[in-house]
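The values are calculated or read from the model by the stated rules, or taken from the named source; none is laboratory data. For clarity, every value in this text was computed on a predicted model and none was experimentally measured. All Cβ positions, even for glycine, are placed from backbone atoms using ideal geometry, and neighbour counts span all protein chains on display. Note: accessible area is taken over every heavy atom of the protein model, side chains too, but ligands, DNA and RNA are not part of it. Shrake-Rupley method; radii C 1.70, N 1.55, O 1.52, S 1.80 Å.
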Amino acid sequence: MQPPAEKFGRVTIIVHWVTAISVLVSAIIGLVSVYTNDTETTRLATAVHQSIGIALFVLVLFRTAWRLTHPLPPPLPGTPPMQNFAANAVHALLYVILFALPITGYTGLAARGRDITIFGLFDLPHIVPLSRTLSVNAQNLHMYLQYALYALVLVHAGAALYHHYIIKDGLMRRMWGLRA
Ligand code: HEM
Ligand code: HEM
């Protein structure tokens with residue numbers, strides 16, 4: 001019998017699932033704010049959206065530092081090198097998106113001189129120059145990045161579910177936090 005695959009650490013597991021849920025919630029609220037037309041709902045959605053987005057940015061900073069100082073468990077034994085490479089590439093791109101979405105979201109607002117209030121508690125300082133061009137470019141990038149996020153999450157979650165339901169190799173349990 002195969003020994004059970006080495007699991008991810010508890011912190012990595014908690015941060016992974018908090019990130020996964022918050023990213024999806026943030027994207028849905030972002031869409032609500034775009035598709036409701038300047039109503040009370042729009043303002044509330046924008047306020048919540050930017051707050052969750054900035055919280056996610058702090059979480060990804062922490063996650064990156066954690067990952068750099070705590071090595072991940074080795075891949076499942078017998079994983080073909082190409083599959084490993086593909087999984088790592090998707091993970092790396094997810095990290096890039098997790099940095100780029102909050103940065104472009106922030107820049108789009110800050111370069112227009114908008115207040116960016118976080119959970120109604122404090123305003124973020126404006127550290128980018130006031131520039132209409134910068135704001136428009138950042139907003140456009142923010143919009144396009146969402147599609148990259150959807151595509152990557154689809155591939156990533158699809159691969160995880162494929163391993164779980166079709167190959168049944170216990171990969172999902174590594175990130176599940178539950179006992180085998
Ligand atoms: C919603 C469904 C999701 C499922 C089912 C899922 C599942 C998994 C599994 C099983 C692993 C471990 C892979 C292995 O053992 O090699 C993993 C790793 C990872 N996942 Fe997800 N995931 C989901 C969503 C997300 C989202 C939304 C993000 C980021 C935006 C994300 C980012 C990552 C990253 C970066 C890793 C590599 C480990 C790390 O650096 O923490 N996942 N995921
Ligand atoms: C990982 C975090 C984030 C995700 C997944 C995300 C996702 C999205 C999505 C899907 C939209 C709708 C785009 C469209 O269809 O045009 C949107 C809009 C928007 N996002 Fe984000 N975003 C994130 C972080 C942020 C942050 C940190 C800020 C600002 C500090 C921000 C500011 C905005 C703004 C201003 C809009 C335009 C609509 C509005 O006025 O609310 N986003 N975002």
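Look at region 85-127 and say how many of its residues are touching a Ser or Thr at 6+ places or on another chain (Cβ under 7 Å) and free of Cβ contacts under 8 Å to residues at least 12 places away in the same chain.
Within region 85-127, residues that are touching a Ser or Thr at 6+ places or on another chain (Cβ under 7 Å) and free of Cβ contacts under 8 Å to residues at least 12 places away in the same chain number 1.
Please verify whether Val60 is touching a helix residue (DSSP H, G or I) at 6+ places or on another chain (Cβ under 6 Å) and within 12 Å of ligand 1 (Cβ to nearest atom), treating the condition exactly as stated. Break it down stepwise before answering.
On the way: touching a helix residue (DSSP H, G or I) at 6+ places or on another chain (Cβ under 6 Å): yes; within 12 Å of ligand 1 (Cβ to nearest atom): yes.
It is true that Val60 is touching a helix residue (DSSP H, G or I) at 6+ places or on another chain (Cβ under 6 Å) and within 12 Å of ligand 1 (Cβ to nearest atom).
Residue by residue through region 100-158, note down the ones that are more than 30 Å from Leu171 (Cα to Cα), among the hydroxyl-bearing types (Ser, Thr, Tyr) and open to solvent by 90 Å² or more (accessible area, probe 1.4 Å).
Thr133, Tyr144
Give me the residue from region 79-117 that is within 11 Å of ligand 2 (Cβ to nearest atom), out of contact with any strand residue (DSSP E or B) (no Cβ under 7 Å at 6 or more places or on another chain) and among the polar types (S, T, N, Q) and, out of that set, farthest from Leu130 (Cα to Cα).
The residue in question is Thr104.
Of all residues in region 35-64, which are more than 18 Å from Ile97 (Cβ to Cβ) and in a helix (DSSP H, G or I)? First the steps, then the outcome.
Keep residues of region 35-64 that are more than 18 Å from Ile97 (Cβ to Cβ), which gives 35-48, 51.
Listed by number, the residues that qualify are Tyr35, Glu40, Thr41, Thr42, Arg43, Leu44, Ala45, Thr46, Ala47, Val48, Ser51.
So is Arg10 free of Cβ contacts under 8 Å to residues at least 24 places away in the same chain and away from ligand 1 (no atom under 11 Å from the Cβ) or not?
Values: free of Cβ contacts under 8 Å to residues at least 24 places away in the same chain: no; away from ligand 1 (no atom under 11 Å from the Cβ): yes.
So Arg10 fails the test.
Thr39 is checked against (1) at pLDDT below 95; (2) surrounded by 13 or more Cβ atoms within 10 Å (Cβ to Cβ); (3) not hydrophobic (A, V, I, L, M, F, W, C) and fails just one. What number does that condition carry?
Looking at each condition in turn, Thr39 falls short on (2).
Can you tell me how many residues in region 59-75 are surrounded by 13 or more Cβ atoms within 10 Å (Cβ to Cβ) and in contact (Cβ under 8 Å) with a residue 24 or more places away in the chain?
Count: 7.
Being modelled with pLDDT of 95 or more and open to solvent by 40 Å² or more (accessible area, probe 1.4 Å) is true for just one of Leu31, Leu56. Which residue is that?
Values: Leu56 fails: open to solvent by 40 Å² or more (accessible area, probe 1.4 Å).
Among Leu31, Leu56, only Leu31 is modelled with pLDDT of 95 or more and open to solvent by 40 Å² or more (accessible area, probe 1.4 Å).
Being open to solvent by 100 Å² or more (accessible area, probe 1.4 Å) and either within 7 Å of ligand 1 (Cβ to nearest atom) or not charged (D, E, K, R) (or both) is the filter here, so list the residues in region 159-177 that pass it.
Passing the criteria: Tyr162, Tyr165, Ile166, Trp176.
Report yes if some residue within region 78-85 is open to solvent by less than 70 Å² (accessible area, probe 1.4 Å) and under 13 Å from Leu145 (Cβ atoms); otherwise report no. Don't jump to the end; show me each part of the working.
Quick first cut of region 78-85, residues open to solvent by less than 70 Å² (accessible area, probe 1.4 Å) only: 79-80, 84.
Checking the rest, the ones that are also under 13 Å from Leu145 (Cβ atoms) come to none.
Checked region 78-85: no residue is open to solvent by less than 70 Å² (accessible area, probe 1.4 Å) and under 13 Å from Leu145 (Cβ atoms).
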